[in-house]
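Contents: one structure, followed by commentary.
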Amino acid sequence: MPHTQRKVLFMANTDLKILGLVGSLRAASKNKLLLHEAMRLAPEGLTIEHFDLSSIPMYNGDLDTEENRPDSVNALKEAIKNADGVLLVTPEYNYSVPGVLKNAIDWASRPAYHSVFAKKSVGVLSATPGLLGGVRVQVHLREILFGMHAQIFIHAEFLMGGANNKLDESGQINDATTTEMLVNYLTHWRDWLRSQQS
Ligand SMILES: Cc1cc2nc3c(=O)[nH]c(=O)nc-3n(C[C@H](O)[C@H](O)[C@H](O)COP(=O)(O)O)c2cc1C
């Protein structure tokens, strides 16, 4: 079998692992539901897991050492390191990034420029009840990720405005256009990740 053909077969069998982080701790969080929808609708070859940020303490530089770093933070950093990509799913708080998510990013961002985020592919989804769907949090996250040398996957941005109507009690997206946008986003990301592996 020619070499190139062998490579294609190998790639097709490789499952890409994505780590999902949610910027809201609410039990009824629309963004948590959105991540669960992304997990359900993920295309073949892409597996998304949810890492719950509720056990991550507030950043404290005195604890950010090999000896003192909290176990939950070590687990977060290890999970990011082992993932092919990180999916941030977040509301917008006061035109920016919710503290829960920013705090987790801060822990994972050390050592500067050489952290588990360096060269990591990062996707962003946002959902808000308002019309804009979190456009400002997406822009702010880009700036933050840029400073960590992460690779931001942009494609067509996925923003869910009117989230209270689009994610109903069943927990599923009830709007065909939004579902299609989410599947497109994930499919393009998978294809881009595969292209980086070859
Ligand atoms: C402290 C706070 C600040 C907020 N600021 C914004 C904002 O700037 N823009 C926006 O679209 N929604 C804002 N919201 C509304 C959130 O988008 C909304 O509560 C959303 O549903 C929260 O996400 P969740 O359902 O995943 O918890 C804010 C909510 C809170 C609690």
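The values are calculated or read from the model by the stated rules, or taken from the named source; none is laboratory data. These numbers come from a predicted model, not from an experiment. Reconstructed Cβ throughout: ideal geometry from the backbone, glycine too, with neighbour counts over all protein chains shown.
A few remarks follow.
- Residue 125 of a type outside the set (D, E, K, R) and in a helix (DSSP H, G or I): no
- Being closer than 21 Å to residue 46 by Cβ and either aromatic (Phe, Trp, Tyr) or crowded, with 21+ Cβ neighbours inside 10 Å (or both) is true of residue 173.
- The set of residues in the range 41-58 being among the hydrophobic types (A, V, I, L, M, F, W, C) and under 12 Å from the mean Cα position of the chain (by Cα) consists of 48, 51.
- Test: residue in the range 96-103 that is in a helix (DSSP H, G or I), exposed (fewer than 14 other Cβ atoms within 10 Å of the Cβ) and more than 14 Å from the ligand (Cβ to nearest atom): no
- When residues of the range 145-188 are limited to those that are among the hydrophobic types (A, V, I, L, M, F, W, C) and assigned to a loop (DSSP other than H, G, I, E, B), the one nearest to residue 131 (Cα to Cα): 156
- Residue that is nearest to residue 39 (Cα to Cα) [pool: residues in the range 104-119 that are touching a Phe, Trp or Tyr at 6+ places or on another chain (Cβ under 7 Å) and buried (at least 19 other Cβ atoms within 10 Å of the Cβ)]: 108
- Count of the range 67-76 residues which are under 14 Å from the mean Cα position of the chain (by Cα) and surrounded by fewer than 19 Cβ atoms within 10 Å (Cβ to Cβ): 0
- Screening the range 26-52 for residues that are aliphatic (A, V, I, L, M) and surrounded by fewer than 20 Cβ atoms within 10 Å (Cβ to Cβ) and picking the one that is nearest to the ligand (Cβ to nearest atom) gives 28.
- Any hit, the range 129-140, residues being more than 16 Å from the ligand (Cβ to nearest atom) and either free of Cβ contacts under 8 Å to residues at least 24 places away in the same chain or surrounded by 18 or more Cβ atoms within 10 Å (Cβ to Cβ) (or both): no
- Only one of the numbered conditions (1) of a type in the set (A, V, I, L, M, F, W, C); (2) at pLDDT below 95; (3) within 14 Å of residue 38 (Cα to Cα) is not met by residue 160, and that is (2).
- Qualifying residue in the range 56-64 (condition: surrounded by fewer than 19 Cβ atoms within 10 Å (Cβ to Cβ), touching a residue at least 24 places away in the same chain (Cβ under 8 Å) and either assigned to a helix (DSSP H, G or I) or of a type in the set (A, V, I, L, M, F, W, C) (or both)): yes
- For first residues located in the range 67-80 and within 15 Å of residue 115 (Cβ to Cβ), partners that are of a type outside the set (Gly, Ala, Ser) and not in a loop (DSSP other than H, G, I, E, B) and lie 6+ apart or on another chain with Cβ distances below 7 Å form the pairs 69/63; 73/107; 76/107; 79/19; 80/19; 80/86.
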